[in-house]
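The values are calculated or read from the model by the stated rules, or taken from the named source; none is laboratory data. As the structure is a computational prediction, the values presented were derived from the model and not from experiment. Methodologically, a virtual Cβ is constructed for each residue, glycine included, from the backbone with ideal geometry; neighbour enumeration extends over all protein chains shown. We work out accessible area using only protein heavy atoms, side chains counted, and drop any ligands, DNA or RNA first. Shrake-Rupley method; radii C 1.70, N 1.55, O 1.52, S 1.80 Å.
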Amino acid sequence: MEQAIQKRVPVGGGSWVTVDVHGDPGAPGLVVLPGVMSDAHAWRHVASALSTWPSVLVVNRRGRAPSGPLTDSYSLRTEVEDLGAVLDVFPGTSAVFGWSYGGLIALLAADERPLRRLIAYEPVMRPFGRHALPDLKAARENEDWDATVDIVNRKITGLDPARVEALRADREVWETLRRLSAPLYDETLAVNEPLPDVLARRADHVDLIIGGANRGTAPYGTAFDDVRRRVPAATVHELPGQGHLGSVRRIM
């Protein structure tokens, strides 16, 4: 597998984000924006396998190493400005792909700057995860990352208890989830901020993607429907049999 080039991009509040560049670093390509409980490292295999673009740039959003801290002023606006800073450093980007929370961020960014193509896989928005905010806040205050992972898997996504226990039994996987859960309270709070009635008004073309296993069901399918109503001109794609971690390569 190719070795990605990592670039550090300064952002607001004295923080920074890193961008893993796969392919030709001098050629504009696709920018990938992961969601919560994920980072650039988790997307490395997808990025290196995509051949539609000469380069694939995966943003490691703030709050996950080696990117900088969220900072006290963190909000949804922070994420939109961070993505804008990345796009300024990599002008001529052909497309932006956002997964989950990353999809919401990309859709908001396309309200403020022109984007040729925007692809969002199961973007989320309020009231996604709102009912779990008190529990997430308590877990963060106690730095109880085991509880945070439990909350997101059981109370928010509704994962089968046996599946959660299987994840816990894999020490390496569980430790990764614990590490990625640290910013979860702040990110869930940001997801639940008010939104404009129309999104992505400056994107030339928007593709919204839903996994067939989640169509019409909470929490991802219902959030997808809420987003879709705010992007009336979007082209909607359904991936039969896929869930929230669908086969990205099938649509790009």
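Values computed for the structure shown
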item	result
Under Karplus coefficients 6.51, -1.76 and 1.60, residue-wise ³J(HN,Hα) of segment 231-238 in Hz, glycine/proline x	10, x, 8, 5, 8, 9, 10, 10
Computed lengthening from Arg179 to Arg201, 0.36 nm per intervening residue step minus Cα-Cα distance	4.4 nm
Calculated P(r) tail over 22 Å for segment 1-99, as whole % of Cα pairs	21 percent
Ordering of 42-55, 111-124 by packing [mean C-beta count within 10 Å, highest first]	111-124, 42-55
His131 accessible area, 1.4 Å probe, all protein chains in place, Å² to nearest 10	100 Å²
For segment 122-252: span of alpha carbons on each principal axis (Å, largest first)	43, 31, 22
From the coordinates shown, volume of the Cα convex hull per residue in Å³ corresponds to which of (i) 121; (ii) 137; (iii) 113	(i)
Residues whose placed amide H lies under 5 Å from that of Asp111, excluding near-sequence neighbours	Ala200, Arg201, Arg202
Average silhouette area of segment 106-190, convex hull of alpha-carbon atoms, in square nanometres	6.8 nm²
Between segment 133-207 and segment 98-128, the alpha-carbon center distance in angstrom	17 Å
Simple label model, 7 Å out from Cα along Cβ direction - Glu143 to Ala233, nm	4.9 nm
Solvent-accessible heavy-atom area per residue, rounded to whole Å², over the chain at 1.4 Å	44 Å²
Theoretical ellipticity at 222 nm over the chain - DSSP helices of four or more residues, -39500 (n - 2.57) apiece, nearest 500	-9000 deg cm²/dmol
Normalised contact order of the chain, rounded percent, pairs of Cα under 8 Å and 6 or more residues apart	19 percent
Sparse-neighbour loop sites [GluC sites (Glu not before Pro); segment 137-229; at most 16 other C-beta within 10 Å; DSSP]	Glu143
Cα pair distances in segment 50-113, grouped into 5 Å bins until the bin that holds the longest one, percent each	4, 15, 28, 26, 18, 7, 2, 1
